[in-house]
Each structure stands twice: as structure tokens, then as C-alpha cells.
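Below: one structure, written as C-alpha cells.
Laboratory data are not the source of any read-out in this text; all were calculated from the coordinates shown. Source: prediction; values computed, not measured. Neighbour counts are summed over all protein chains in view; Cβ atoms, including those assigned to glycine, are modelled from backbone coordinates with ideal geometry.
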Amino acid sequence: MGILLIKINNLQIPTLDDVDFVGKKLLVRIDINSPVDPKTGELLDDSRIKAYIPTIKELLEKGNSIVLISHQGRPGDSDFISLNEHANLLNKYLGFNVEFVEDVMGPYAREKIKNMNKGEIILLDNVRFVSEELIEAPPSQHAKSYLVRRLYPLFEGYVNDAFAASHRSQASLVGFPMLLKSSVGRVMEREVSALAKVFNPEDFPKVFVLGGGKVLDSLRIIENLVKRRLADRILTGGLIAELFALAKGLDLGRENMQILEKKGLISLVPRARRILLSGGPIEIPVDFKVEKEGGKIVEEPSNKVSGIIKDIGSTTMEIYSSFIKDAKLIVMRGPMGVIEDERFRDGSKKILENALESQGYLIIGGGHMISMLGGTAEVNSSKVHVSTGGGALLLFLAGETLPALEALDISSKEAIKK
Ligand SMILES: Nc1ncnc2c1ncn2[C@@H]1O[C@H](COP(=O)(O)OP(=O)(O)OP(=O)(O)O)[C@@H](O)[C@H]1O
Ligand SMILES: O=C(O)[C@H](O)COP(=O)(O)O
């Protein structure tokens with residue numbers, strides 16, 4: 001045991017082949033955070049849920065009983081929901097009963113966990129219902145949190161398979177490995193080894209297509225890419241494009257300014273400007289598809305925007321597609337527009353189609369863009385890596401050490417004490 005270790009940035013992390021997780025009660029951190037339709041509350045994509053079936057089956061076949069723990073959304077957002085629907089989908093794909101426990105660390109959840117029999121599986125509710133989970137803190141601090149102290153004594157081991165959340169230093173990701181024997185699961189192992197194989201910093205040109213709504217994360221990612229000169233071009237869409245348009249001095253009109261203000265994004269303009277001044281190869285849309293008062297949809301040039309920005313315009317689609325066509329490596333995360341609305345899917349659809357047709361290798365991440373693939377069955381896996389990660393994927397590619405992986409490294413070195 002302890003022979004096969006995956007090395008990431010000089011971290012040594014045990015896989016399931018290195019630990020004796022047989023007939024044990026295990027806590028398994030997965031990331032089944034999925035895009036949610038803001039109108040109906042339904043899940044728009046279940047690829048993250050499907051991705052965990054092999055890890056779960058393997059652990060159950062080894063006679064373990066397992067408790068799954070995951071987050072979904074962030075407080076205040078429309079996708080901050082319970083994991084009830086996720087449990088139904090896990091049931092469907094596993095073909096047997098996953099018990100959904102509508103609690104995270106209270107007496108009900110702990111009693112359920114204590115009384116589990118071998119081969120049983122439980123999904124706890126959204127771990128972000130516990131406010132401590134949202135604190136970004138070092139592993140040693142999270143090891144002392146209520147969440148970790150209440151749950152860890154019930155388990156004999158911890159598996160972290162949440163690659164997509166590994167850029168967060170949150171309790172369920174970094175606290176448990178300090179107290180329990182730990183390993184990565186198969187999803188994390190597959191991601192890390194596949195990305196190491198396909199991401200060659202020497203490939204040229206490398207085009208990153210970054211959109212979506214997590215602007216602060218995207219900014220951090222772009223800062224890293226620019227600092228390490230990893231990107232030849234960064235094509236922006238979504239809210240991150242609006243931020244860079246402002247940083248370039250464009251007037252996006254009163255309504256978009258109000259939206260950005262409400263999301264607290266205006267204060268990020270100086271950071272975006274610094275990236276531009278340092279020579280960051282950032283491209284912004286030359287036109288946008290906007291929704292005008294009364295619901296009329298038109299395309300407007302970026303320097304004459306008056307409606308609410310909802311997608312990139314058709315000239316931008318053409319320009320971005322030509323960059324993508326010539327790329328050797330394309331990394332794509334976050335949609336170009338508000339794809340939940342059928343009328344604003346064209347930008348993301350066109351960019352994705354072009355990336356799939358290009359000769360370059362495509363790495364695609366983030367729940368929303370993946371939902372546009374419509375099932376990965378037809379994707380040519382020798383040319384495309386579909387990642388379960390979004391922000392984590394990009395930070396990993398940009399060479400950042402991810403806290404959850406670091407915690408597993410510390411855990412393996414301290415294993416002797418456990
Ligand atoms: N111009 C825009 N204005 C407002 N919202 C936008 C705009 N463009 C995209 N979005 C929103 O961005 C959201 C997706 O962004 P997000 O950053 O969550 O992407 P993601 O790749 O799914 O991320 P992850 O999987 O890492 O959570 C969608 O809900 C979409 O409506
Ligand atoms: O979708 C993601 O990128 C992960 O699930 C992490 O979610 P977060 O950005 O809300 O921490």
C-alpha cells in the first residue's frame with residue numbers, strides 16, 4: 001500500500017489503490033453542483049452526477065458504506081437548493097437506493113450515519129446550508145469547525161473526489177483530511193492525470209474562452225494565465241467581457257452599469273485595467289446581443305450599447321471562431337451569454353461548434369458549457385477532454401496549487417499519526 005501516488009506540483013496524494021478502504025464507513029466529498037433553471041428550479045445538466053458513478057460503485061463493491069457530501073450553489077443565488085433532485089438522479093444512474101438525508105450534521109444525520117449497514121449509501125443535504133462551510137480558512141482551522149468535529153468521529157476514512165471544488169479551502173474539503181485517513185477518488189485521479197497529459201504549455205497558439213458569471217474567479221484565473229504567459233489569446237464573454245469592456249473605457253449604458261454595480265463588479269475594473277496594461281492578450285466582443293425595453297432583441301456595437309447585454313453579437317462570433325479555428329489548444333469555460341434563455345444561446349453554441357470542429361485539442365469545463373454538449377457520448381475523446389471542473393480546472397491549468405489537494409498531501413504525510 002502507499003506505492004502508487006499521483007504527483008501534482010510536487011504534492012503526493014494517495015489514490016484509492018493506495019489505501020485499504022475495504023469494509024469501512026467512508027465520507028466521500030463529491031461535487032454535484034449543477035446548473036439550475038432559475039424559473040423552474042430543475043437541474044439543467046446531470047453530467048457531474050453521472051461522473052461519480054464509477055467511484056461510488058467501486059467503493060460499494062469493496063463492502064464500504066458511504067456517505068456522500070456536496071454543495072450546490074451559493075447563498076442568495078437561485079441555484080442554492082437542496083440535493084433532493086440530485087439524490088433521485090443518483091438513484092437512477094446507480095440502479096439502487098441512495099438514501100437522501102435532509103440534514104448535514106444535526107442529530108438526525110448523525111443517527112442515520114451511525115446506524116448504517118455495510119453496502120449502504122446516504123447523500124447528505126447541501127453542505128453550504130452550514131454557514132461554516134463558506135469560510136475560506138486553512139485546513140488546521142477547519143479541522144476545528146463544528147461541521148468537521150461533529151462528523152469525523154463517525155467515519156473510518158475520507159475520499160475527496162470533488163475536483164471541481166478543489167480550489168476552495170472550505171471545511172468539507174480541507175478539514176476532514178486533517179483527522180481521517182484520506183485519498184482522492186477516481187474523478188479527481190482521472191482529471192489530474194488527463195490534464196497533465198493533454199495540457200502542454202509548449203502548444204501554440206493556446207486560446208482560452210472565458211465567460212459566465214463568476215467574475216472574481218475568472219479575474220483571478222486571467223491574472224494567473226497572464227502572469228505565467230500561458231495564453232496566446234483570451235476571448236471573453238458573459239459578465240467578464242463586460243468588465244473588460246469597462247476597463248477599456250467603453251460606455252455600456254445605464255442599465256448594464258446598474259446590473260454590474262448590483263453584483264459588486266465595478267470595484268474590479270481597476271484590476272482588469274491592470275491586466276490590460278500589463279499586456280494581457282484579452283479580446284472583448286465587438287458587438288453584443290441585447291434586450292431592449294419592451295423585450296425587443298437587437299445586436300449593438302460594443303461602443304454603442306443601450307440595451308441589457310445578454311449574449312455576444314454575430315460579428316464577435318465570427319472573429320472568435322477564426323481565432324478558435326487556428327488554435328492548437330482551446331480551453332473553454334463559462335457561457336458567452338444567458339444560455340438559460342433560448343434566445344441567448346447562439347453565441348455559446350457557435351463558439352462550441354467551432355471548437356469541436358477545430359483541429360486543436362479542446363478542454364471544456366464548467367457546468368453551463370458542458371450542458372450545451374447535450375451528453376458527451378458523441379464527443380471524440382482523443383480530441384476533447386470534458387472536465388468536471390470549472391474554476392478549479394482553470395486554476396489547475398494556470399499552475400495554482402489547489403487547497404483541497406494540498407490538504408490531502410498534508411494528510412498523507414501525517415498519516416502515521418492517524
Ligand atoms: N451577459 C450576461 N449577463 C448576466 N449573466 C450572464 C451573462 N452571460 C452569462 N451569464 C450567466 O453566467 C452563468 C454561468 O456562469 P458560471 O460562471 O456559473 O459558469 P460555469 O461554467 O457553469 O461555472 P461552474 O461550473 O464553474 O459553476 C449563467 O447562469 C448565465 O446566465
Ligand atoms: O461549479 C464550480 O466551479 C464548483 O462547484 C465550485 O462552486 P463555487 O464556485 O460556488 O465554489
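Considering only 253, 213, 185, the Gaussian network model of the chain with Cα springs below 10 Å gives its largest mean-square fluctuation to 253.
Between 96, 403, 384, the Cα set farthest toward the positive side of the dipole of the chain (charges on each charged residue's Cβ, about the Cα centre) is that of 403. When the convex hull of its Cα atoms is viewed from all sides, segment 227-298 shows a mean projected area of 5.4 nm².
Sorted fewest first by neighbouring Cβ atoms within 10 angstrom, 108, 361 come out as 108, 361. Translational diffusion of segment 106-174, estimated by Stokes-Einstein from the Kirkwood radius over alpha carbon pairs at 37 °C in a medium of 0.692 mPa s, is 250 µm² per second. Once the C-beta distance of residue 357 and residue 194 is scaled by a Förster radius of 25 Å, the resulting FRET efficiency is 0.70 to the nearest 0.05.
Between 403, 138, 14, the residue with the greatest mean-square fluctuation in the GNM of the chain (Cα pairs under 10 Å linked by springs) is 138. Here the gap between residue 39 and residue 318, fully extended at 0.36 nm per residue and compared with their Cα-Cα distance, gives a gain of 97.3 nm. Taking the longest Cα principal axis of the chain as reference, the axis of helix 84-94 is set at about 70 degrees. Based on the alpha-carbon gyration tensor of segment 58-131 and its eigenvalue square roots a ≥ b ≥ c, which shape applies: rounded if a/c is under 1.5, prolate if not and a/b is larger than b/c, or oblate? Oblate, since a/c reaches 1.5 and b/c is not below a/b. Helical runs (DSSP H, four residues minimum) scored at -39500 (n - 2.57) apiece and divided by the length of the chain put the mean residue ellipticity at 222 nm at -10000 deg cm²/dmol.
Residue-wise HN-Hα couplings along segment 303-311, as the Karplus relation 6.51 cos²θ - 1.76 cosθ + 1.60 with θ = phi - 60° gives them from phi, are 8, 9, 8, 10, x, 7, 5, 10, 6 Hz; Gly and Pro carry x.
Residue 344 sits among other residues whose Cβ lies under 15 Å from its own Cβ, and their net charge, with Lys and Arg +1 and Asp and Glu -1, is -2. Placing one equal scatterer on every Cα of segment 286-359 and applying the Debye formula, the log10 ratio I(q)/I(0) at q = 0.23, 0.24, 0.27 Å⁻¹ is -0.99, -1.05, -1.21. Maximal additional length on extending the residue 12-residue 203 stretch stands at 66.1 nm, based on 0.36 nm per residue less the C-alpha distance. Counting neighbouring beta carbons within 10 Å and listing from fewest to most, the residues 315, 236 come out as 315, 236. For segment 256-272, the Karplus equation 6.51 cos²θ - 1.76 cosθ + 1.60, evaluated at θ = phi - 60°, returns couplings of 5, 4, 5, 5, 5, 4, 4, 7, x, 9, 4, 5, 8, 4, x, 5, 5 Hz by residue, with Gly and Pro reported as x.
Database remark: amide H of residue 100 closer than 5 angstrom to the amide H of 123 (H placed geometrically; neighbours at sequence offset of 5 or more, or on other chains; Pro and chain starts carry no H).
When the chain is treated as a GNM with alpha-carbon contacts under 10 Å, the residue of 183, 358, 267 showing the greatest mean-square fluctuation is 267.
Across segment 1-116, Cα-Cα distances exceeding 26 Å account for 30% of all pairs. Ordering 319, 38, 59 by the projection of their Cα atoms onto the charge dipole of the chain, which places +1 on the Cβ of Lys and Arg and -1 on the Cβ of Asp and Glu, puts 59 at the extreme positive end. Past the 41 angstrom mark, what percentage of all C-alpha to C-alpha distances in the chain do you count? It works out to 16 percent of all Cα pairs.
A crude spin-label estimate for the pair residue 254 and residue 325, with each label 7 Å from Cα along the Cβ direction, gives 4.2 nm. Overall form of segment 46-187: rounded. Here a/c, set by the Cα gyration tensor axes a ≥ b ≥ c, is under 1.5.
Between residue 278 and residue 103, the FRET efficiency from the beta-carbon distance, with R0 = 41 Å, is close to 0.30. With Cα atoms as the point set, the radius of gyration and Dmax of segment 154-313 evaluate to 19.7, 61 Å.
Considering all different alpha carbon pairs of segment 220-361, the Kirkwood hydrodynamic radius works out to 15.5 Å. Each of residue 216 and residue 146 was given a label point 7 Å from its Cα along the Cα-to-Cβ line. The distance between the two points is 2.3 nm. For the residue pairs 325/383; 50/206; 310/350; 118/413; 214/349, alpha carbon separations beyond 18 Å are given by 50/206; 118/413; 214/349. Taking a ≥ b ≥ c as the square roots of the eigenvalues of the alpha carbon gyration tensor, segment 348-391 is rounded, as a/c is under 1.5. Taking 41 Å as R0, compute the FRET efficiency from the Cβ-Cβ separation of residue 88 and residue 299 and round it to 0.05. Efficiency, from the Cβ-Cβ distance: 0.50.
From least to most packed, judged by other beta carbons within 10 angstrom and beginning with the fewest, 306, 411, 78 follow the order 78, 306, 411.
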